Every structure is written in C-alpha cells, then in structure tokens.
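Notes follow once the structure below has been shown.
The values are calculated or read from the model by the stated rules, or taken from the named source; none is laboratory data. Computed from a prediction, not measured in an experiment: that's the story for all the values here. Because the Cβ atoms are built from the backbone with ideal geometry, glycine has one as well, and the counts that use them run over all protein chains shown. With ligands, DNA and RNA removed, areas are computed over all heavy atoms of the protein, side chains included. Shrake-Rupley method; radii C 1.70, N 1.55, O 1.52, S 1.80 Å.
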Amino acid sequence: MFLLFHGRFPGEKAASLFTAKNAEAFAKAGLQVKVLVPRRKDVEPQTAFDYYAISKNFEIVELPTTDFFALKIPKRLAFLVSFIAFSLACFYYLRRQSPDKDDLAYSNESLPLWAASFAGLSTFYEMHDFPESKLGLFGLLLKRFDWILIHNRWKVQEFKKIFPKIKAKILCEPNAVDIKEFDIQISKEEARDRLGLDAGNRGKQIAVYTGHLFGWKGVDTLAKAAEILGNDCLVIFVGGTEKDVIAFKKKYGQVPNILIVGHKLHKEIPIWQKAADVLILPNTAKEAISTFYTSPMKLYEYMASRRPIVASDIPSVREIVDETCAVLVKPDEPEVLAIAIRSVLERSDLSNTKLIDMAMSRAHLRTWDRRADNIIAFMKNNAQ
C-alpha cells in the first residue's frame, strides 16, 4: 500500500495525524505500507514516529517537489504549484515501482490519487472535504477511483445525490482513536503537577479544549463562556498555529480564568486531557464543515480520556455520541455552554462516571486497528 500525503509530515494539523495513524494501523494489519510525502526544507518526515509516538512499522518516502512556501509569493499559489508537482512526482515514482494488480494507492487528496491511478494501481479515496456543488472537475477525478470512504452518513447521502453516476464502491467509516494513547495511568493531580498547573490555580476546577483555534471549532463561544464561569473555573486552550495563537491571545489573553498554552506535541495531549475535570467540544453550527462534514478525531480522543464531555448538539457530533455519553448543548450560545459546564462540575461522581463509561465503550468500537480491518475487509468484499 502507498499512502499519499501532500501536507507537512509530521505537522500540527489533523490530516498529518490521520496519515500517521492510518499508516501504522494498516501496517499492523499486515500490509506493507509506504507513505509518500513531499521533500521540504523545514520538515524532517522521519521524526514522525517520535512526534506521534507510533510504531516504526512503515516506510516514509520523500518525493521531490517545489518548495516555494518561504518565498514572498501568495501562499495559495505556492500550495497549488507544490500540489501539482507532488501529484506528478507520485505518478512517476509509482510508475517506476512496476505495480501489480494487488498494489494500492490510498489518499485523502484527490489530485495525487488521480495521478497515481494512471500508474496502474488500484485507488482508494478517503473523502475528508465535501464539494459544495456539483463540480465537473471533481467528478472527473472521482471517476478514476475504485473505492471511496466517507466519514459520516450525511455525507454519504449528499454524495450520492451530487454524484449519482460514480461507480466506485462507497464505505461509510468514521475516524478513530488509539485507546492506549489516551487512557493513560495518571491521576488528575499528577497530570496537573506535571504540567505546572497547580501554581496559582490550586482548588480550581479545570475545563480543557484541545485542538485548533479555527472559528468553526467554536473556540470564541468557549472563551465567552469562560468569562461567565468566573475565576473558580480555569478554561485551558491547548493547540493552534502560531499565527492563530497570537490572534487568540490578543482577544482573550487578559481574561483571568483563560489559559492559552498554544501548540503541544500530540503525545503530550493525553496529559492535558487527564488534567481536566471536563473536556469541551464547542463546534459551531454556523458552518457546514462543522455541522455536517467533519468526523472529529478530537471527540474520540476525549472519549478515550475518561473525562466527562460537553459538546455542541450538531449532526456531525450526534453521529458519534448522544446524551448517554456526553452532555450536548445548543451551539454558539456562551451562556448555555457555561451552564452545561457548571452542571457537569457540580454533579455527582456517579453521574459523571456513567457518561465516562459509556463514552469509553463506544471509543473501543472506533480504534484505528478496527478501522483498518474494516477497510481491508471492505476492499476484499468489493474487489474490482
């Protein structure tokens, strides 16, 4: 199997983590896996094994491509040129491998996978984004793929409406989690001590959000809810690009009960989540990517952390959890979110334990290893 990924590897975005976890899981399932990534000056792909704390059971291959991101040209242009160059590099590399009928190119990026299809490999497309309308070019790319994975039922239904003539076999399979990575043996107090959170915060209850600071993630709603909660509850934001962290600190850095710690290595995230009394997923309902398109890996990671969860009540979240395993609230309402957080912090340990146990039982059904097995079985059962 050849996994094609054009982004920074390793990198701070979820797509890079997805690639690493997918590669590790497919290799565990017995496939010989090579991850094809672009060669860039500021990235060392071989560090991905330590960065994500994953098994070194697959190979990383760097392909030559353009690297104009440091130049003073529009980033979109630099990305487009690099994307096309990487797609061509994938084609020429795979063509030289003399692939046979059992070889597979797998990617969540349509253009590199489309180019790979001309090298004689079977193709499996994992659709992360979703076309807003019936795009002719996108439809042409899809026609070259043998299998397509879509993350949730809403996207499957919409996809079939927009592309009724696509002949590829379609699998609906959500994202996943590594249970042992997040269900670590560390107490709340030990986690806080290791992170230095006790200094000045002793006796406070802690709500934690881990993830990017994009608007559609609902982080502004959580920040405003923090102001309502008051100083006896510390709200911690973990993650974000350097640029977004700077902007977020300008908006909310002066709020006394908000702590913005910026980007952390993925292997450190479980400790931050274990330090929490409650974990928050405040996704907005104002953007389709949040309401319908996503299958948030972050939610699965929360579920595996054995902490109560407060999350937005939107379709993409309801496909994963319901009231038996999380507290679901109306999105984009800081007051409502603050009330829900406070209610979780004040309820009995027994009530929260019921939510935690149900969330963990569901997380066990959505591991990366199970996901890889499901995908492999789907391909075998729907052989071209």
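Observations
- In the range 32-54, the count of residues that are open to solvent by 60 Å² or more (accessible area, probe 1.4 Å), touching a strand residue (DSSP E or B) at 6+ places or on another chain (Cβ under 7 Å) and in a helix (DSSP H, G or I) is one or more.
- Residues of the range 75-91 satisfying the condition of being open to solvent by 10 Å² or more (accessible area, probe 1.4 Å) and either within 20 Å of Leu121 (Cβ to Cβ) or in contact (Cβ under 8 Å) with a residue 12 or more places away in the chain (or both): Val81, Phe83, Ile84, Ala85, Leu88, Ala89, Phe91
- Which numbered condition Glu173 fails, given (1) touching a Gly at 6+ places or on another chain (Cβ under 8 Å); (2) modelled with pLDDT of 90 or more: (1)
- Qualifying residue in the range 89-101 (condition: in contact with a strand residue (DSSP E or B) (Cβ under 9 Å, 6 or more places away or on another chain), at pLDDT below 85 and closer than 29 Å to Pro174 by Cα): yes
- Residue, surrounded by the most Cβ atoms within 10 Å (Cβ to Cβ), within the range 260-285, restricted to residues that are touching a residue at least 60 places away in the same chain (Cβ under 8 Å) and part of a strand (DSSP E or B): Ile280
- Taken together, Ala311, Ala326, Ala338, Ala359 contain a single residue that is of a type in the set (Gly, Ala, Ser), under 14 Å from Val208 (Cβ atoms), modelled with pLDDT of 95 or more and open to solvent by less than 40 Å² (accessible area, probe 1.4 Å), which is Ala311.
- Residue in the range 226-243 that is in contact (Cβ under 8 Å) with a residue 12 or more places away in the chain, of a type in the set (Asp, Glu), closer than 19 Å to Thr294 by Cβ and open to solvent by 10 Å² or more (accessible area, probe 1.4 Å) present: no
- Segments classed as helices (runs of 4 or more DSSP H), wholly inside the range 107-221, with at least 2 members that are more than 29 Å from Tyr52 (Cβ to Cβ): 136-142, 153-162
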